[in-house]
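Below: one structure, written as structure tokens.
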Amino acid sequence: MVITRFRIEYGRWPDLDNPADVDKVNQLDNRDEVISYFKRQKEISGLADVDM
């Protein structure tokens, strides 16, 4: 769920080979806060990256 929250907040998926992105993911990694964040969202869309 933290990776999905990163995607929503930064508009891209994190690069887990990039220490700066890993640091941002770690900063967001609070179980109670992440669950509360998703409960507050009315709708979540636009997460898929699709090549057609």
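The values are calculated or read from the model by the stated rules, or taken from the named source; none is laboratory data. Being a predicted model, the structure only gives us computed values, none of them experimental. So basically every Cβ, Gly included, is an ideal-geometry build from the backbone, and we count neighbours across all protein chains shown.
Summary of values
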quantity: Close pairs (8 angstrom Cβ cut-off, 6 or more residues apart or separate chains): touching a residue at least 24 places away in the same chain (Cβ under 8 Å) in segment 23-52, surrounded by 10 or more Cβ atoms within 10 Å (Cβ to Cβ) and in a loop (DSSP other than H, G, I, E, B) anywhere; calculated: Val34/Met1; Ile35/Met1; Phe38/Met1; Phe38/Ile44; Asp49/Trp13
quantity: Residues located in segment 36-52, provided they are part of a helix (DSSP H, G or I) and either basic (Lys, Arg) or within 12 Å of the chain's Cα centre (by Cα) (or both); calculated: Tyr37, Phe38, Lys39, Arg40
quantity: Segment 9-34, residues that are assigned to a helix (DSSP H, G or I), out of contact with any Asp or Glu (no Cβ under 7 Å at 6 or more places or on another chain), closer than 21 Å to Ala48 by Cα and not aromatic (Phe, Trp, Tyr); calculated: Glu9, Val22, Lys24, Val25, Leu28, Val34
quantity: Qualifying residue in segment 43-52 (condition: surrounded by 10 or more Cβ atoms within 10 Å (Cβ to Cβ) and modelled with pLDDT of 85 or more); calculated: no
quantity: Counted residues, segment 1-35 - those being within 10 Å of the chain's Cα centre (by Cα) and among the aliphatic types (A, V, I, L, M); calculated: 7
